[in-house]
Amino acid sequence: MLYDKKIQAFRTETINDAILTIARLAGDLYKIKKGVSISKNATPLPAVWTGLEPATSAVTGRHSNQLNYQTVFVVLSAKKLQKREINNIFVKLFLIPMPVAAFHKTRLAPTPSGYLHLGNVFSFALTAALAESHHADILLRIDDMDRERMLPAYLQDIFDTLQFLDIPYDQGPQHASDFEHSYSQRHRLKHYEAALQTLREKGLVYACSCSRTQILQSAVPGTYPGTCRHKHIPLDTPGVAWRLYTDASQKIRVKKQDGSQEEVALPADVQNIVVRKKDGFPAYQLCSVVDDVLFGIDMIVRGQDLWHSSIVQLYLAQALEKASFLEARFLHHPLLLDPSSRKLSKSAGDTSVHYMRQQGLTAQAIYQRLGEAIATPHTVKRWQDLAYFVV
Ligand SMILES: [Zn+2]
């Protein structure tokens, strides 16, 4: 054996507690042999552990067939068995440290404001390939704070597309009503509001009463000139947005997928960003950071167009003292362009998966089209074929 053995022993009252303790010791979300998942919330009782005799089971990560992951062997001895409940279980854990994974959970974060297109497929496929090669879990996080642009058909399209293209995820909504019921960002409002309160208490936000037109007429299009920065408008004034007092001299450290780091300053277009909109709802960047922290995301895959967005999110995480987010790694991938070299938009009809499916394209044909779009010499017939891209 190449690895040092560490043994930890502990006592628990029930097998569920044992599993939870193992989950806590071993990491976040694991799957037991036979594909039974364990997490802090849901803990099915694995049949393999319910015998009277001391049982030996293996708990491994999602990718139990791959070796470079921490593997945990468990020996159970049950003193007393009452039907399906085992009391006073003695659990010995043999932790066999393998090279530590660089990250544990990434996410797919589509917005239901248009049909998903080939650019989204590229992002999803890379995320899935990256997660696979690092044995990480995938969360499906659908950003719906912008309810006005959301259509039920677009929400449904997310589930249809992921299923059609066989893109896996381990956590998140299974279908549209599951999403509305349990995963909509509306259910996490109190977390966003707590973050806004923190910013307020730290004196990091100011009220802005500028109209959209006034901002559009600013000296540099697309930037906010800080008009209200020193006006001291009360934050509770109806109809004002809250903006972040940003410090352009502050350096932000961005961790890359390969572990390298880059120190950057906050770009002009994301200075003074809105963290609370005029309607009182939290703004996108804030929700995104809070969500990633809540769900334990430590790897973020997104297009190069969101590079500035990543920087300001790290800036926000610093302000909110969300240390875990500051350690997250980022992969910014190139964007797919349309024939006139513009980035694909959600209205780019003929690159939407919805349209391609209507034209009778199979999943494999859509992946092949993706391969052509990124001009790879590799054959692309499924998302796994993008593994070369993320190694
Ligand atoms: Zn203003």
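FYI, it's all coordinate maths here, none of it is from the lab. In this text, all values refer to a predicted model and were calculated from it rather than measured experimentally. Counting neighbours? That spans all protein chains shown, and the Cβs are built from the backbone with ideal geometry, glycine included.
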| task | Report the net charge of residues surrounding GLN156, where surrounding means a beta-carbon distance below 14 angstrom and charges are Lys +1, Arg +1, Asp -1, Glu -1. | result | -4
| field | Proximal aspartates and glutamates to LYS381, defined as alpha-carbon separation beneath 16 angstrom and excluding residues fewer than eight positions away on the same chain | value | ASP166, GLU372
| field | Surrounding net charge for TYR169, when Lys and Arg each add one and Asp and Glu each subtract one, Cβ distance under 9 Å | value | -1
| request: Output the antiparallel fraction of DSSP beta bridges having both residues in segment 105-333, as a percent to the nearest 5. | output: 50 percent
| query | Tally Lys/Arg at +1 and Asp/Glu at -1 over every other residue whose Cβ is under 12 Å from the Cβ of GLN364; what's the total? | reply | +1
| request: Could you tell me what percent of the DSSP beta bridges with both partners in segment 227-369 are antiparallel, to the nearest 5? | output: 55 percent
